Amino acid sequence: MTLIKSISGIRGTIGGKVGKNLTPVDIVKFVSAYGQLVKEVIVKSRYSIVIGRDARISGKMIQELVINTLIGMGIDIINLNLSTTPTVEIAVKKEKADGGIIITASHNPEQWNALKFLDSNGEFLNAQKGEELVRLSESGNISFAPNNNIGSIFLNDNYFDKHIDLVFNLDLVNVDIIRKQKYKVVLDAVNSTGGLIIPKMLEKLNINVVKLNCEPDGKFAHSPEPLKENLSALSEKVISSGADFGIAVDPDVDRLAFVDNEGHMFGEEYTLVACADFVLSHRNGNTVSNLSSTRALSEITTKNGGKYYASAVGEVNVVQKMKATNSVIGGEGNGGIILPELHYGRDALVGIVLFLNLLAEKKITVSNLKKTYPIYFMSKKKLDLNVKFNFNQLIKLVKSKYGDQKISTVDGVKIDFPDSWVHLRTSNTEPILRIYSEAKTQEKADELANDFISEIGVLQQF
């Protein structure tokens, strides 16, 4: 059982002991600290916070705890109820709220849940604010409102439509050209809120939607991370239904992956590559992805006259780098698309529409589109860490053994070889070490990752 505090919020398994899992006591503690932090940023008479959740079984229970804690602090609530991470982010800005909380553990299994905290811009709290929140939660220096000043709750159930309209109204988007294609797609929404908002959007685009796992009951039909090994049913459905392609999203709809018309994975890494290809064909500019993302984005960006930049893993880190480099698109290789023209947050809806626009403009199948990009293969592995593991020792080992290669320690340690790379880092969301590698063949990528796993395994013995 686990409780993790990171730039990805407060995340843990449901049930168990206080302080070691995401229990009701821990939820109230961290939410009240967030409410106090909001009040300390700016002094005003009334505050408002947007709340939304994915469809996890524990979500409704946590939502009630979150809402009642905040109204007890005198803070008004704009309750979106079942929603998505990008929808909540958009609502914070549109409502001119003081912040937002998304109740979701994103790609984690259904026994997990989390509190993702937003600032008044609808963006994740940075590391400094996150540390302050944790400090406040431990200090107990929290003030609650008197009886005559508790907050109110306002239910707003029209933000799915607002979100869709904002995407459709982007200057980059040509809704008519998509509608003319009359595409047929299969959607796997892993029985969460993507099953509510994405069919609504696709049907407005004159798309025939074949629904797979679209009942938002929180009973995930498979591991919710949109990786190849979890999407066999989607691939089979694309083939059997004769669809143009398949769409997979995670439970809170900020990650996006595609399956091509032949039932093969387009690759979550290539979601950003394709969307960037479309944006860069209409906008001059730079791009950003994290250190664990494919080199293909760098090559596409350079080809279009822009500059590519890499950030540490984590949405807030990507956003900071995008702002600093005035990038026109960015994201993460896990299928997260960030388009500043809409908002600074990973958003599967805008990714889907950009991808559809690209296909419609090029008049190309998804399988043939993939062939137009630099081809790399990735291996994404993870290793449970024992309590004695010393990551600093691992970094010293890497530097001593691979000192003749390009090494980055911005986030964990990444070694860039001429035709491949490997990135080792502790996860922000699970008690594991992630070992990501990329090469020109799948065999080479797997071999590279396995070699490092062997070295780490030896290191853990000491």
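Values computed for the structure shown
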| item | result |
| --- | --- |
| Segments classed as helices (runs of 4 or more DSSP H), wholly inside the range 346-447, with at least 3 members that are under 27 Å from Lys5 (Cα atoms) and more than 24 Å from the chain's Cα centre (by Cα) | 391-401 |
| Unique residue being in contact (Cβ under 8 Å) with a residue 24 or more places away in the chain and exposed (fewer than 15 other Cβ atoms within 10 Å of the Cβ) when the list is Asp411, Asp384, Asp404 | Asp384 |
| Selected residue (criterion: nearest to Ile247 (Cα to Cα)) from residues of the range 311-337 that are in contact (Cβ under 8 Å) with a residue 40 or more places away in the chain and of a type in the set (A, V, I, L, M, F, W, C) | Ile337 |
| Out of Leu297, Leu280, Leu227, Leu272, sole residue that is within 14 Å of the chain's Cα centre (by Cα), at pLDDT 95 or above and not assigned by TED's automatic domain parsing to the domain that holds Ser427 | Leu272 |
| Odd one out for Ala312 among (1) within 16 Å of Lys414 (Cβ to Cβ); (2) modelled with pLDDT of 95 or more; (3) of a type outside the set (D, E, K, R) | (2) |
| Selected residue [surrounded by 16 or more Cβ atoms within 10 Å (Cβ to Cβ) and at pLDDT 95 or above] from Asn169, Asn174, Asn121 | Asn174 |
| Members of the range 301-327 that are buried (at least 23 other Cβ atoms within 10 Å of the Cβ) and of a type in the set (Val, Ile, Thr) | Thr301, Val313, Val318, Val319 |
| Meets criteria (touching a residue at least 24 places away in the same chain (Cβ under 8 Å), assigned to a helix (DSSP H, G or I) and more than 18 Å from Phe144 (Cβ to Cβ)) for Val88 | yes |
| The listed residue being hydroxyl-bearing (Ser, Thr, Tyr) and either under 22 Å from the mean Cα position of the chain (by Cα) or surrounded by fewer than 22 Cβ atoms within 10 Å (Cβ to Cβ) (or both), out of Ser137, Ser106 | Ser106 |
| Conditions (1) surrounded by fewer than 14 Cβ atoms within 10 Å (Cβ to Cβ); (2) out of contact with any Lys or Arg (no Cβ under 7 Å at 6 or more places or on another chain); (3) not basic (Lys, Arg): number failed by Asp419 | (2) |
| Filter pass, Ala114 being touching a residue at least 24 places away in the same chain (Cβ under 8 Å), outside any helix (DSSP H, G or I), closer than 17 Å to Gly9 by Cβ and not polar (S, T, N, Q) | yes |
| Yes/no for Asp188 being acidic (Asp, Glu) and under 22 Å from Ala105 (Cα atoms) | yes |
| Single residue of the range 338-370 satisfying the filter (free of Cβ contacts under 8 Å to residues at least 60 places away in the same chain and touching a strand residue (DSSP E or B) at 6+ places or on another chain (Cβ under 9 Å)) that is surrounded by the most Cβ atoms within 10 Å (Cβ to Cβ) | Ile338 |
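The values are calculated or read from the model by the stated rules, or taken from the named source; none is laboratory data. Since the structure is predicted, the reported quantities are computational estimates derived from the model, not experimental observations. With ideal geometry, Cβ positions are generated from the backbone for all residues, glycine too; neighbour counts draw on all protein chains shown.
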